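Just below is one structure, and these are the notes that go with it.
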Amino acid sequence: MAYSDKVLDHYNNPRNVGALPKSDPSVGTGVVGAPECGDVMKLQIKVNAEGVIEDARFKTFGCGSAIASSSLATEWVKGKTLEEAAKIRNTDIVQELNLPPIKIHCSVLAEDAIRAALADYKSKQKQDNA
Amino acid sequence: MSVQLPIYLDNHATTRVDPRVVDAMLPYFSTHYGNAASRTHSFGRTAEAAVDVGRGQLARAIGASTDKEIVITSGATESDNLAIKGVAHMLRSKGDHLITAVTEHKAVLDSHHALEREGFRVTWLPVDKEGLIDLQQLADAITDQTLLVSIMAVNNEIGVVQPLAAIGELCHKRGVLFFCDAAQAVGKIPLDVEAMHIDLLAFTAHKMYGPKGIGALYVRRKNPRVRLEPMMHGGGHERGLRSGTLAVPLIVAFGEAARIATEEMAEESKRILALRHRLHQGLSARVPQIFLNGSISERTPGNLNLSFAYVEGESLLMGISDIAVSSGSACTSSSLEPSYVLKAMGVGDELAHTSIRFGIGRFNTEAEIDYAIERVADVVTRLREMSPLWEMVQEGIDLSSVNWAGH
Ligand SMILES: Cc1ncc(COP(=O)(O)O)c(C=O)c1O
Ligand code: FES
């Protein structure tokens, strides 16, 4: 497997590894994948009062491309509004990281993780407002 | 002591050719380049004599009673095909049933699949959690239609050694032929086709410090005499079983590799076993939650197959890029399926994805093992810190109770 320089860079210097407090109402957490499939991604966003994602964190069990995809996803969601973040597509990740066809599903997982984190944040907000 | 990088710890995939083997073969490219079938001149006779020496060395390495029982092939894949299809096709009128195990090499599995498509029936024996077949299940599977039992000596992923002598005895008693793929075993563990009642045995030079592209099939000549239908037709070489001009330099090399391995096996396996213990203990001391795949006692000295729970195998390989090993993870395979061998042993997919195969060989040193321990331990620790599964386990969450959003 030949990795692109960008995948190697994210793998060796992953951005935003870590965890945000799950119970914080301003934090949305998405966990996608399954250990039996060989890939699990956890992506978290912290949203400020203006509805802008001000911080993001990830942890990933998966191949180097999956780690790079989630690392890139945290970079990209930061500073975006929820609507903007929802527009990130796995194809953008594939292009940016130069992923080969066999690694496309790793980028799909990253897109799924963003969506799951957004959905979690929104459902928390609904509960809070109810 | 310093080590030279990268470090090769993938000796089940292939091995470095021993310098002594290279020295032995080189004259047969440029000086003694005759065709071993050219009996009319000295070039041919020199080549033929060299082939005879090589064949004798191969025969002795496995305890064959005559050199005539050695058929030269291009490698273990060809030997596997020739043995299985050759027996099935030759004995088609006597029966239609074959027995093998689910953890065999692809060359054995796919040869059986091909025969299934021709109408043969195959019993696929399971293995236990150690990776070993059950003799009673084998005994129960044999019928009066059974032609051949094919069980490997040493598994290429987990290194476990099947109970060959017991299998051979059983087959011999029941009058069915026993074929053994010993690609990972010859030169590594003691083998004796007579004592073990092995009727056909496949081996290959490149797993025993010889060159790629040369192998052999042992075919028993007496008690019973095994007959095969050839796959390669032509000039009638190898007593008609495998036509094609003999690769004299490669045969010389294969023979020399077999001689060295046979003479040095006792010493070498002690040394390699010590290295394996060092690696296993060193890693266990530094990294919690690692699991050995396959039997610890019935195992070839050079194999260590470990699962590093919560760390996916390909990401681990990427982190230890200066150490050559392989993984049973799906992410490293083109099929995106984890290792079928680990699956057959009942290793869960979540652990199969985290497996690494270390293959220790003749040229590995203690310093290399120590370097590997440090590197692997560091990378596993780093990757666990970024593993959501490791985090959950630290929080006391039982991963099997989680409702995964799989896909
Ligand atoms: C058990 C076993 N059988 C067969 C083979 C195939 O050998 P060759 O590469 O010589 O065709 C291998 C090597 O990959 C092996 O490990
Ligand atoms: S996580 Fe398996 S290929 Fe990327």
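Read the figures in this text as sums done on the coordinates, not as results from a lab. Fair warning: this is a prediction, and the values are worked out from it, not measured in the lab. Cβ atoms come from the backbone with ideal geometry, glycine included; neighbour counts cover every protein chain shown.
With contributions of -39500 (n - 2.57) from each DSSP H run of at least four residues, the per-residue ellipticity at 222 nm computed over chain B stands at -12000 deg cm²/dmol.
Would you mind checking the tilt of helix B:164-174 against the longest principal axis of the Cα atoms of chain B, expressed as 0 to 90 degrees and rounded to 10? The answer is roughly 50 degrees.
Here the relative contact order of chain B, from alpha carbon pairs under 8 Å that lie six or more residues apart, stands at 21 percent.
Summarise the partner chain shielding of B:376-386 as one whole number: the mean count of Cβ atoms from other chains within 10 Å of each residue's Cβ.
Counting Cβ atoms of other protein chains within 10 Å of each residue's Cβ and averaging gives 2.
The mean count of C-beta atoms from other chains within 10 Å of the C-beta of residues in A:64-76, rounded to a whole number, is 2. Between 0 and 90 degrees, the angle of helix B:366-385 with respect to the longest Cα principal axis of chain B falls at about 40 degrees.
Which value, in Å to one decimal place, does the Kirkwood hydrodynamic radius take for region B:19-260 when every pair of different Cα atoms is included? Averaging 1/r across every pair of different Cα atoms and inverting gives 18.1 Å. Packing around the peptides A:18-25, A:117-124, taken as the average count of other Cβ atoms within 10 Å per residue, puts them in this order, highest first: A:117-124, A:18-25. The relative contact order of region B:19-260, computed from alpha carbon pairs under 8 Å that lie at least 6 residues apart in sequence, is 28 percent. Compute the signed sum of charges (Lys and Arg +1, Asp and Glu -1) over the other residues within less than 13 Å, Cβ to Cβ, of residue B:213. My count for the surroundings of residue B:213 gives +1. The charge dipole of chain A, taken about the Cα centre with unit charges on the Cβ atoms of Lys, Arg (+1) and Asp, Glu (-1), comes to about 180 debye, rounded to the nearest 20. For region A:1-82, the relative contact order works out to 31 percent when only alpha carbon pairs closer than 8 Å and six or more residues apart are counted.
Inter-chain neighbour count for A:38-51: the average number of beta-carbon atoms from partner chains within 10 Å of each residue's beta-carbon is 3. Using the Cα coordinates of region B:165-288, the gyration tensor eigenvalues translate into equivalent-ellipsoid semi-axes of 32, 21, 12 Å, sorted from longest to shortest. Helix B:76-90 and the long axis of chain B differ in direction by around 60°, with both axes built from C-alpha atoms.
How about region B:325-407: which chymotrypsin sites (Phe, Trp or Tyr not before Pro) there are in a DSSP loop, with at most 16 other Cβ atoms within 10 Å of their Cβ?
Working: sites: B:340, B:358, B:363, B:371, B:390, B:404; in loops: B:363, B:404.
Those that pass, being in a loop and sparsely packed, are B:363, B:404.
Counting every pair of alpha carbons in the protein assembly as shown, the share spaced more than 46 Å apart comes to 25 percent.
Shown for B:395, B:104: other C-beta atoms within 10 Å of each C-beta, ranked fewest to most, produce the order B:395, B:104. The Cβ shell under 10 Å around residue B:96 holds other residues with a net charge of +2, Lys and Arg each +1, Asp and Glu each -1.
Across region B:106-118, computed HN-Hα scalar couplings (Karplus, 6.51 cos²θ - 1.76 cosθ + 1.60, θ = phi - 60°) run 3, 5, 7, 4, 6, 5, 5, 4, 4, 5, 4, 5, 8 Hz from first to last residue, x flagging Gly and Pro. Please report the base-10 log of the normalised intensity I(q)/I(0) for chain A, using a Debye sum with one equal scatterer per alpha carbon and no solvent, at each q in 0.10, 0.14, 0.19 (1/Å). Cα-only, vacuum Debye calculation for chain A: -0.28, -0.55, -0.96. Summary of packing: across the peptides B:114-126, B:201-213, the per-residue average of other C-beta atoms within 10 Å ranks them, highest first, as B:201-213, B:114-126.
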